[in-house]
1. I'd like the Karplus ³J(HN,Hα) series for the stretch 183-191: coefficients 6.51, -1.76, 1.60, θ = phi - 60°, whole numbers in Hz, and an x wherever there's a Gly or Pro.
2. How would Asp189, Asp196 line up from fewest to most surrounding beta-carbon atoms within 10 angstrom?
3. Can you bin the stretch 99-227 into rounded, prolate or oblate? Criterion: square roots of the alpha carbon gyration tensor eigenvalues sorted a ≥ b ≥ c, rounded for a/c under 1.5, prolate for a/b above b/c, oblate for the rest.
4. Can you tell me which of Glu143, Glu245, Glu273 moves the most in a GNM of the chain? Springs connect C-alpha atoms under 10 Å apart.
5. Structure shown: which of Lys136/Lys281; Lys136/Lys312; Lys97/Lys133; Lys97/Lys331; Lys48/Lys312 lie over 25 Å apart, alpha-carbon to alpha-carbon?
6. In terms of modelled amide H atoms, which long-range or inter-chain residues lie less than 5 Å from the amide H of Thr207?
7. Relative contact order for the chain: what percent, with Cα pairs under 8 Å and sequence separation of 6 or more?
8. Amide H to amide H, which residues 5 or more places from Gly150 or on other chains are under 5 Å from it, using H placed in the peptide plane?
Amino acid sequence: MAGVKWLLVGTGEIANNRIAPALAEAANSKIVAVCDVRLEPARALAKKFGVNQIYGDFEQALAKSGADAVYLATPVALHVPHSLRVLESGKHMLVEKPLGLNATECHRLARAAQGSNKLAGCAYYRRHSGYYKFAKAMVENGEFGQIVGGYLNYFVYHKPDKSALNYWTVVREKAGGGLLCHLGSHIFDILIGLFDLPLSVCAQCATLTNDWNVEDCAAIIIKLRNGALLTANFNWNSMTPVRHELEILGARAKVSWCWPHGSGPLLKTIGHEVQEIEIPKVNNIHLPLVQDFVDAVLNNRQPLCTVAEAFKTSVLTDAIYRSAAEGREVKVIE
Ligand SMILES: NC(=O)c1ccc[n+]([C@@H]2O[C@H](COP(=O)([O-])OP(=O)(O)OC[C@H]3O[C@@H](n4cnc5c(N)ncnc54)[C@H](O)[C@@H]3O)[C@@H](O)[C@H]2O)c1
């Protein structure tokens, strides 16, 4: 295989802004077909990226495109059913996050991926970020000492109009949940990458300024495997400036960073000494994810962001929702 030929399914916002540019820019990667139930945006994206094949039907696209790999950028309720069909059809698959609506259906996909000889990835691209890699290296080389705490604060205003294309993001049946699925899942994936699944969670979710059937804010206490307690706050309901910040606190050192909005340096503190570490800026955060997946296909190895790992995030998210619904601490069991 000279390079990886992609079928891109879903030509909405993220596909236009980041996925198609990444599929086109990555080395040894080419978009050969696009598919969307809305043909107009599919045609527009195809024209922009010089793609000849345009489909309005997923099964037809799968059968006829001649692609080696499929990128799924559709609403979450379609992720698992379409991912299963891609693997059944003998193609590699990379699906947007979150992996699926809940851990039960994600488990079906994780099992199918395990039994397939094709690669199965999920777009938790923050595992490729320089910030994450720096913190991961500190965990691995023991620089933190014992991990004793940390916090995660994520605010971004989200209030799609009822007629907007992305209104599905605030409908439980289509998205699995609210901001814990849409935004939280990225952060839970990072935590799992650093510390594996937590022991337990204690959460409250609320819908304060909207009439949705999903949460617009949440507060969580996360107990790591070593007993350390992290706190997390998520809000979709404040018009104040976007805030994405994370701090990991060890007995000897801490790191914090704000990412991806505003970027800035990573702060590494040892005792009282603070170092500002510049992390190279990445213009398209989907590009390292796509490049790694293409290289994995061509070199017959696993990608960094696998479906197996993404499944853990669905387990943690389910535990958080259960804790909020039952008003108690819930153990996180894979
Ligand atoms: N990685 C990230 O940071 C990030 C950011 C935003 C969204 N996302 C994820 O990307 C995915 C798409 O989000 P979006 O914001 O682009 O949504 P969107 O609503 O803008 O686009 C979704 C597209 O899928 C199409 N579609 C719907 N049903 C289809 C079907 N059966 N077959 C083919 N196409 C179909 C729609 O017509 C639409 O064009 C979601 O999974 C979302 O969670 C990821």
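Computed from the coordinates by the stated procedures, all read-outs in this text should not be read as laboratory data. These numbers were taken from a predicted model, which means no experiment stands behind them. Using ideal geometry, Cβ is built from the backbone for each residue, glycine included, and neighbour counts are taken over all protein chains shown.
1. Couplings: 10, x, 4, 4, 6, 4, 4, 4, 4 Hz.
2. Ordered by Cβ neighbours within 10 Å, fewest first: Asp196, Asp189.
3. Cα axes put the stretch 99-227 in the oblate bin.
4. Per the Cα network of the chain with a 10 Å cutoff, Glu273 tops the list.
5. Violating the 25 Å Cα-Cα cut-off are Lys48/Lys312.
6. Asp216
7. Contact order relative to length: 20 percent.
8. Under 5 Å from the amide H of Gly150 lie the amide H atoms of Thr231, Leu249, each far enough along the sequence or on another chain.
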